[in-house]
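The values are calculated or read from the model by the stated rules, or taken from the named source; none is laboratory data. A quick note: this is a predicted structure, and the numbers were derived from the prediction, not measured. Neighbour counts are summed over all protein chains in view; Cβ atoms, including those assigned to glycine, are modelled from backbone coordinates with ideal geometry.
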Amino acid sequence: MKLVIGNKRLSSWSLRPWLVMKHFGIFFDEILIPLDQTETTASILKFSPTAKVPVLIDGDLPIWDSLAIVEYLHEKFPEKNLWPKDSAKRARARSFSAEMHSGFSDLRRHLSHDLHKNLKDFDWSPAKSDIERIKEIWTQCLEESEGPYLFGEFSIADAMFAPVANRFVSYGVPVEGVVKNYVETIRSNPSHKLWIEAGLLETYTADKHP
């Protein structure tokens, strides 16, 4: 299989399936296409009809959209338990993941994913409602599961929220208690650390991703 991704510094959508595959030991060849370059659209169109990343290529089959990719992987590798084993927990993990996938527009607009940023006095208040909802989700899940991940063991749900932890750090969003512990846990995940380290070394410029 091949996974086509964008800049690790910037592409939060690419991070999600990449992290799932790395964490669960699903082998793939990585194809990184820098964003916002003259040839970016043409390069991605070779793999995906949407001209967007990420896209997973399994033989002749392209699967695009991060949530569709991880659901495909869940079906292809059922023994790896990418979602929680318990059906009720699995349903809740899917609900929270879908909420992350389709919502939180203010967070995305005002706190774009950028691993190079380390701001201390950033005004994140325009995204306050989104931030409080995310903290509520994390607190509820972690208090019920007792951690270290949202549903105890690492799952797709953690990969869906991993970019948010990076945003909180990049923009100096204050965290405490179980939320602070979770930010540290997900960012210290060995596979996520590899992504962060690679993103910090990138020098690509992407004018459409402020």
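Select from segment 115-140 the residues that are among the basic types (Lys, Arg) and either modelled with pLDDT under 95 or not in a helix (DSSP H, G or I) (or both) and list them in ascending order.
The first filter runs over segment 115-140 and keeps only residues among the basic types (Lys, Arg), leaving 117, 120, 128, 133, 135.
If the condition is that a residue be among the basic types (Lys, Arg) and either modelled with pLDDT under 95 or not in a helix (DSSP H, G or I) (or both), then LYS117, LYS120 are the ones that fit.
Considering LEU61, LEU35, LEU56, which residue is out of contact with any Pro (no Cβ under 6 Å at 6 or more places or on another chain) and at pLDDT below 95? Steps first, answer last, please.
Details: LEU61 fails: at pLDDT below 95; LEU56 fails: at pLDDT below 95.
The unique qualifying residue is LEU35.
Can you go through TRP138, TRP124 and tell me which one is surrounded by fewer than 20 Cβ atoms within 10 Å (Cβ to Cβ), more than 20 Å from GLY6 (Cβ to Cβ) and either touching a strand residue (DSSP E or B) at 6+ places or on another chain (Cβ under 6 Å) or of a type outside the set (Asp, Glu) (or both)? Even if it seems obvious, please write down each step before you answer.
Working: TRP138 fails: surrounded by fewer than 20 Cβ atoms within 10 Å (Cβ to Cβ).
Of the residues listed, the single one that is surrounded by fewer than 20 Cβ atoms within 10 Å (Cβ to Cβ), more than 20 Å from GLY6 (Cβ to Cβ) and either touching a strand residue (DSSP E or B) at 6+ places or on another chain (Cβ under 6 Å) or of a type outside the set (Asp, Glu) (or both) is TRP124.
Which of the residues spanning segment 51-68 are within 12 Å of MET1 (Cα to Cα) and surrounded by 14 or more Cβ atoms within 10 Å (Cβ to Cβ)? So that I can check it myself, show each step before the final result.
First, pick out the residues of segment 51-68 that are within 12 Å of MET1 (Cα to Cα): 55-63.
Within segment 51-68, VAL55, LEU56, ILE57, ASP58, PRO62, ILE63 meet the criteria.
Just checking, does segment 153-172 include any residue being in contact with a Phe, Trp or Tyr (Cβ under 8 Å, 6 or more places away or on another chain) and over 22 Å from VAL70 (Cα atoms)?
Yes, segment 153-172 contains a residue that is in contact with a Phe, Trp or Tyr (Cβ under 8 Å, 6 or more places away or on another chain) and over 22 Å from VAL70 (Cα atoms).
Can we say TYR204 is in the same structural domain as HIS110 (by TED's automatic domain parsing) and hydroxyl-bearing (Ser, Thr, Tyr)? Walk me through it before giving the result.
Numbers: in the same structural domain as HIS110 (by TED's automatic domain parsing): no; hydroxyl-bearing (Ser, Thr, Tyr): yes.
In short, no.
Can you tell me how many residues within segment 143-153 are touching a helix residue (DSSP H, G or I) at 6+ places or on another chain (Cβ under 7 Å), within 13 Å of ARG92 (Cβ to Cβ) and not in a strand (DSSP E or B)?
So the count comes out to 1.
What are the pairs, 6+ residues apart or on separate chains, where a residue within segment 99-117 that is without any contact (Cβ under 8 Å) to a residue 60 or more places away in the chain has its Cβ under 7 Å from a residue that is among the aromatic types (Phe, Trp, Tyr) and not in a helix (DSSP H, G or I)?
Hits for this filter: HIS110/TRP124; LYS117/TYR171.
Enumerate the helices (runs of 4 or more DSSP H) found wholly within segment 1-91, keeping only those where 1 or more residues are touching a helix residue (DSSP H, G or I) at 6+ places or on another chain (Cβ under 9 Å) and hydrophobic (A, V, I, L, M, F, W, C).
Values: elements: 12-23, 40-45, 66-76.
Once the helices (runs of 4 or more DSSP H) in segment 1-91 are filtered for at least 1 residues that are touching a helix residue (DSSP H, G or I) at 6+ places or on another chain (Cβ under 9 Å) and hydrophobic (A, V, I, L, M, F, W, C), what remains is 12-23, 66-76.
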